[in-house]
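Heads up, the thing below is written out as structure tokens.
The values are calculated or read from the model by the stated rules, or taken from the named source; none is laboratory data. No experiment lies behind these values; they were computed from the predicted model shown. Ideal geometry is used to build each Cβ from the backbone, glycine not excepted, and the neighbour counts take in all protein chains shown. Note: accessible area is taken over every heavy atom of the protein model, side chains too, but ligands, DNA and RNA are not part of it. Shrake-Rupley method; radii C 1.70, N 1.55, O 1.52, S 1.80 Å.
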Protein chains: 2
Amino acid sequence: MITHLPLCSIPNPKKVLVIGGGDGGVLREVSRHSSIEKIDICEIDKMVVDVSKQFFPKVAVGYDDPRVTLHIGDGVAFLKAVPEGTYDAVIVDSSDPIGPAQELFEKPFFQSVAKALRPGGVVCTQAESIWLHMHIIEDIVVNCRQVFKGSVNYAWTSVPTYPSGVIGFMLCSTEGPAVDFKHPVNPIDADYSHVSKNGPLRFYNSEIHSAAFCLPSFAKKVIESKAN
Amino acid sequence: MITHLPLCSIPNPKKVLVIGGGDGGVLREVSRHSSIEKIDICEIDKMVVDVSKQFFPKVAVGYDDPRVTLHIGDGVAFLKAVPEGTYDAVIVDSSDPIGPAQELFEKPFFQSVAKALRPGGVVCTQAESIWLHMHIIEDIVVNCRQVFKGSVNYAWTSVPTYPSGVIGFMLCSTEGPAVDFKHPVNPIDADYSHVSKNGPLRFYNSEIHSAAFCLPSFAKKVIESKAN
């Protein structure tokens, strides 16, 4: 979901940056999009990559794609050196905003992301659980609304192994061609690109994409008041 | 969700039967629908009712509605004595299909439910987790497809305290006026009936209703092949 929500929301994504996601799972999913030409990944912890390659080969298989370039380092520093307007999409597959990942939820980081994106480019960041972290989510939405001049949205999905069984995402676009995240324009289930050597998609489809933006009333009230 | 999914899918529900649901939570939610005239509940275990009234007054408040009649007994037996075509909706708020609740997932029970419903009446039954119980769900869908001559659908929602963080529902209708469960005709959030003395609805709304029917590809494949 963290991959297909942004990449299915824009036509023909070509250049993608992944921040975090060292296990390779996001890379594997980005690979399914045939329009992609270049995939950069910046992971701070090389051991995550090594351990995933050793013990989770079906996830780390993402590194086998020749379009991938791995950068080991701090995503915040990496982004600062990226030329303006480089990427169509940035995917932030981070841990929780405590300790090393805290900066990835703050306004200066979002400003670097916005600068690295082309006009009408999109970002998808891990954005916690509506059951557990509404106060954090509220802050993230406020930060994103200030930084991203296009559309600012919250989506969520079921992950049985995560605390409270769900995880959320912020989906934002920069000023430029409008992006309607709720109605995917690049349906990965409409062609056969989703049947890769890693098998067909088992979870994501266009209906699940749109449904992810439907929020319970308690969350909708808080998020929409800050996002609009 | 187990209450509003069926009751928002038909216009002006008047007579409702709840099987199980002894804690009173479903009753509380049925009460929000101003068209309702009669609410029968058949709970097998009186102690569930007593304990809920003692320790969970905000849930058991459902019993305060004068439209409610409580029957202590076996839901299977109760249904057999119900005159044909009595109810607009039956809600089966059961435990898992192991032990006492097992019968509530079997074909003879669904046949009694269908008989108790008016033409174009609806049933909503607790239907397990797509992450844990696809084999059980497959059987339930097959049974329902054989019994209910209208529409047969699976919906799911997030419940952080349940195993795997989700719960599912079978939504079926009997032969008669067509019911399109995915597009609610009786939007409880369009008027003020949802602001009862128990406060406004905090989770359910029409968008969440429709989104509940969007399934991940792995579940959609199994369920749609059996339901259509």
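What tally of residues in the range A:194-224 results from selecting those that are of a type in the set (Val, Ile, Thr) and in contact with a strand residue (DSSP E or B) (Cβ under 8 Å, 6 or more places away or on another chain)?
Selection size over the range A:194-224: 2.
Looking only at the range A:200-228, count how many residues are among the small types (Gly, Ala, Ser) and more than 11 Å from every other protein chain (Cβ to nearest Cβ).
2
Within the range A:205-217, identify whether any single residue is outside any helix (DSSP H, G or I), closer than 20 Å to A:Asp93 by Cβ and modelled with pLDDT of 95 or more, and answer yes or no. It would help to see each step written out before you state the result.
Taking the range A:205-217 as the starting set, the residues that turn out to be outside any helix (DSSP H, G or I) are A:205, A:212-216.
Applying the additional criterion that residues be closer than 20 Å to A:Asp93 by Cβ yields A:212-213.
Still in the running and modelled with pLDDT of 95 or more: A:212-213.
Within the range A:205-217, one or more residues are outside any helix (DSSP H, G or I), closer than 20 Å to A:Asp93 by Cβ and modelled with pLDDT of 95 or more.
Take the range A:162-180 and flag every residue that is touching a Ser or Thr at 6+ places or on another chain (Cβ under 9 Å) and either acidic (Asp, Glu) or within 14 Å of chain B (Cβ to nearest Cβ) (or both).
Taking the range A:162-180 and keeping what is touching a Ser or Thr at 6+ places or on another chain (Cβ under 9 Å), we get A:162-173, A:178-180.
Listed by number, the residues that qualify are A:Tyr162, A:Pro163, A:Ser164, A:Gly165, A:Val166, A:Ile167, A:Gly168, A:Asp180.
Within the bounds of the range B:32-39, is there any residue that is surrounded by fewer than 20 Cβ atoms within 10 Å (Cβ to Cβ), closer than 24 Å to B:Phe110 by Cβ and at pLDDT 95 or above?
So far as the range B:32-39 goes, yes, one or more of its residues are surrounded by fewer than 20 Cβ atoms within 10 Å (Cβ to Cβ), closer than 24 Å to B:Phe110 by Cβ and at pLDDT 95 or above.
Looking at the range A:42-61, is at least one residue among the hydroxyl-bearing types (Ser, Thr, Tyr) and assigned to a loop (DSSP other than H, G, I, E, B)? Can you show your working first?
Let us first name the residues in the range A:42-61 that are among the hydroxyl-bearing types (Ser, Thr, Tyr), namely A:52.
Of the ones still in play, those that are also assigned to a loop (DSSP other than H, G, I, E, B) are none.
No.
It is to be established whether one or more residues within the range A:93-104 are part of a strand (DSSP E or B), open to solvent by 10 Å² or more (accessible area, probe 1.4 Å) and closer than 19 Å to A:Tyr204 by Cβ. Step through it out loud before you land on a result.
First, pick out the residues of the range A:93-104 that are part of a strand (DSSP E or B): A:93.
In the following step, the residues that additionally are open to solvent by 10 Å² or more (accessible area, probe 1.4 Å) were identified as A:93.
Then keep just the ones that are closer than 19 Å to A:Tyr204 by Cβ; that gives A:93.
Yes, because at least one residue in the range A:93-104 is part of a strand (DSSP E or B), open to solvent by 10 Å² or more (accessible area, probe 1.4 Å) and closer than 19 Å to A:Tyr204 by Cβ.
Among all residue pairs at least 6 apart or on different chains, which show Cβ distances below 7 Å where the first residue, located in the range B:122-144, is within 14 Å of chain A (Cβ to nearest Cβ) and free of Cβ contacts under 8 Å to residues at least 60 places away in the same chain and the second is small (Gly, Ala, Ser) and buried (at least 18 other Cβ atoms within 10 Å of the Cβ)?
Pairs that qualify, where the first residue is within 14 Å of chain A (Cβ to nearest Cβ) and free of Cβ contacts under 8 Å to residues at least 60 places away in the same chain and the partner is small (Gly, Ala, Ser) and buried (at least 18 other Cβ atoms within 10 Å of the Cβ), are B:Glu128/B:Gly168; B:Ser129/B:Gly168.
Which of the following residues is of a type in the set (S, T, N, Q) and open to solvent by 20 Å² or more (accessible area, probe 1.4 Å): B:Thr69, B:Thr3?
Working: B:Thr3 fails: open to solvent by 20 Å² or more (accessible area, probe 1.4 Å).
Exactly one of B:Thr69, B:Thr3 is of a type in the set (S, T, N, Q) and open to solvent by 20 Å² or more (accessible area, probe 1.4 Å), namely B:Thr69.
For A:Ser52, which of the numbered conditions (1) among the polar types (S, T, N, Q); (2) surrounded by fewer than 18 Cβ atoms within 10 Å (Cβ to Cβ); (3) within 28 Å of A:Asn186 (Cβ to Cβ) fails to hold?
(2)
Does B:Lys80 count as modelled with pLDDT of 95 or more, over 22 Å from B:Ile167 (Cα atoms) and open to solvent by 10 Å² or more (accessible area, probe 1.4 Å)? Don't jump to the end; show me each part of the working.
Details: modelled with pLDDT of 95 or more: no; over 22 Å from B:Ile167 (Cα atoms): yes; open to solvent by 10 Å² or more (accessible area, probe 1.4 Å): yes.
Taking the combined requirement at face value, the residue does not satisfy it.
For the list (1) free of Cβ contacts under 8 Å to residues at least 12 places away in the same chain; (2) closer than 30 Å to B:Val185 by Cβ; (3) of a type in the set (A, V, I, L, M), I need the number of the one condition that B:Leu79 fails.
Among (1) free of Cβ contacts under 8 Å to residues at least 12 places away in the same chain; (2) closer than 30 Å to B:Val185 by Cβ; (3) of a type in the set (A, V, I, L, M), B:Leu79 violates only (1).
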